[in-house]
Amino acid sequence: MNKLVKEKILENLPENRVNITIYDEIDSTNDEAKRMHLDKEFEVLVANKQTNGRGRQGKKWSSPDSGNIYMTICTENDLSFAPASLIAGLVCINSISQLNDFIELGLKWPNDILMENKKIGGILVEKELINENIKTIVGIGINLNIKDIKDKEYWWGDLSNYNFKKDRHKLIKLIIQNFIKFYDEKINWIDAWRLKCIHVDKEIEIYENNVLQKKAIFKDINLEGNAIIDTSKGIEILQSGQINIKGIY
Ligand code: BTN
C-alpha cells in the first residue's frame, strides 16, 4: 500500500533530486529527518500516524491515523533566499487551491493555515548543523480529517468537507513540487504572502509562553519573514512568537 502511494507521489517528480519514505507510524517525521542521512537533495518523509507529533513552541501536534498529512521536507540546500516556514505555508495554500480553487484559505503569521478562521494546518521548521552544512527540516501538518479527535481546541479545523482523502497523495506531490519550484525559481513570495495574510492592519495580541505581552496592529512582514507591528511605543519587529487575533484565536 505504502509502496503504491510512494510511486504515485514520485510520478513526475525529479527522481534524481527527491527521495520519499512513507511510514505507517513514526514518532515524528521531523525527528526522523534529524536522525536521517540525506541521500538526495530533498528527503521527504510522510507518515500516516505520529506518536509524538510536535507543533511550534513545544506544543503537541495531534497526529492520529485519520488521513491527515504529516510530512517533512528535509534539505541541506541553501534556503536563505526566503524563510522556509512562510514559504511552506504559502506553498500548502497554493497546492490545496490547485486541487480545489473554491476553498478560501488564509495565513496567520508566522505559518498557520486557516480556513473559515479555523487552523487547518501548521508548519514547524527546525535547523541542524551537519558538518558545516545547515540541514533544514520543514515539517508540515495538514488536517484532512479531525472528526474523531477528542479534546479538540475550538479553533482547529479540517478539510473533511472537500473529499481530499482520495487526493492525499496528489496534494503531497504538489506540496513537494511547489516547494522546490519556489527555491529553484526564486519566486517573489512576499506579495503573495501578504495577499493571503488574514490580519494585515488588524489588532493582534502578542504572547510569550502563553502570557500576554502587548497589543499591537499587525502592519506587514519583511524579507526575513519577521512581523512588523505598530505598538503604543512605535514600530517594532517581531522575530517569532505567537499572536492572537480578536475573534479568531
Ligand atoms: C504548528 O502549527 O504548531 C506546527 C505543526 C507542525 C506539524 C508537523 S506534522 C509533520 C511534522 N512532524 C512533526 O512532529 N511536526 C510537523
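Every number in this text was worked out from the coordinates using simple rules, so none of it is lab data. Here the structure is a predicted model, which is why all the values come from computation and not from measurement. A quick note on method: Cβ atoms are made from the backbone with ideal geometry, for glycine too, and the neighbour counts reach across all protein chains shown.
Estimated translational diffusion coefficient (Stokes-Einstein, Kirkwood radius over Cα pairs, 10 °C, 1.306 mPa s) of the stretch 32-160: 104 µm² per second. Projecting label points 7 angstrom from Cα along Cα→Cβ for ASP201 and GLU132 puts them 5.0 nm apart.
Using the rule -39500 (n - 2.57) for each DSSP H run of four or more residues, divided by the residues of the chain, the 222 nm mean residue ellipticity is -7000 deg cm²/dmol. Per q in 0.07, 0.11, 0.13, 0.17 1/Å, what log10 I(q)/I(0) does a Debye calculation on the alpha-carbon atoms of the chain return? Log-scaled intensity ratios, in q order: -0.22, -0.56, -0.80, -1.40.
Net charge near THR72, counting Lys/Arg +1 and Asp/Glu -1 over other residues with Cβ under 10 Å of its Cβ?
Working: positive: LYS34; negative: ASP31, GLU32, GLU43, GLU126.
Around THR72, the charge tally is -3.
Computed from point charges on the beta carbon alone (+1 for Lys and Arg, -1 for Asp and Glu), the dipole magnitude for the chain about its Cα centre is near 580 Debye.
About the centre of its Cα atoms, the stretch 200-244 shows a dipole size close to 120 debye [charges on the beta carbon of Lys, Arg (+1) and Asp, Glu (-1) only; nearest 20 debye]. The listed peptides 199-205, 62-68, ordered by packing as a protection proxy, come out as 62-68, 199-205 (highest mean of other Cβ atoms within 10 Å first). Less than 5 angstrom separates the built amide H of GLN242 from those of TYR207, all sequence-distant by 5 or more or on a different chain. In order along the stretch 162-167, the phi-based Karplus estimate (6.51 cos²θ - 1.76 cosθ + 1.60, θ = phi - 60°) of 3J(HN,Hα) comes to 10, 6, 7, 3, 6, 9 Hz; Gly and Pro are listed as x. Specify the angular offset, from 0 to 90 degrees and rounded to the nearest 10, of the alpha carbon long axis of helix 168-184 from the longest principal axis of the alpha carbons in the chain. Compared with the principal axis, the helix lies near 70 degrees.
Between the listed residues MET115, LEU238, HIS37, the Cα displaced farthest toward the positive end of the dipole of the chain, a dipole computed from Cβ unit charges relative to the Cα centre, is found at MET115. The angle separating the long axis of helix 84-99 from the principal Cα axis of greatest extent in the chain is about 70 degrees.
When the charge dipole of the chain is built from unit charges on Cβ atoms (+1 for Lys and Arg, -1 for Asp and Glu) and taken about the Cα centre, the candidate among VAL125, PHE218, TRP193 whose Cα reaches farthest toward its positive end is PHE218. Amide H to amide H, with H built 1.01 Å from N, ARG54 comes under 5 Å of TRP61, counting only residues 5 or more places away or on other chains. Applying a DSSP loop filter and a limit of 12 other Cβ atoms within 10 Å to the trypsin sites (Lys or Arg not before Pro) in the stretch 102-162 leaves LYS147, LYS150. Model label sites at ASN12 and ILE217, defined 7 Å from Cα along the beta-carbon direction, differ in position by 4.4 nm.
Cβ crowding within 10 Å, taken as a proxy for footprinting-reagent exposure, orders GLU32, GLU236, GLU153 from fewest neighbours to most as GLU153, GLU236, GLU32.
For the stretch 219-234, backbone phi angles converted through the Karplus equation (6.51, -1.76, 1.60; θ = phi - 60°) give residue-by-residue couplings of 9, 5, 10, 10, 5, 7, x, 6, 8, 9, 10, 9, 9, 5, 9, x Hz, Gly and Pro being listed as x.
Taking θ as phi - 60° and the Karplus parameters 6.51, -1.76 and 1.60, the scalar couplings of the stretch 123-132 work out to 10, 10, 9, 10, 10, 9, 8, 10, 6, 6 Hz in sequence order, x denoting glycine and proline.
In this calculation the C-beta distance from ASP230 to GLU116 is compared with R0 = 25 Å, giving a FRET efficiency of 0.35.
Once you keep just the Cα pairs under 8 angstrom separated by 6 or more residues, what percentage relative contact order results for the stretch 2-195?
Values: 343 pairs, mean separation 40.0, N = 194.
Computed value for the stretch 2-195: 21 percent relative contact order.
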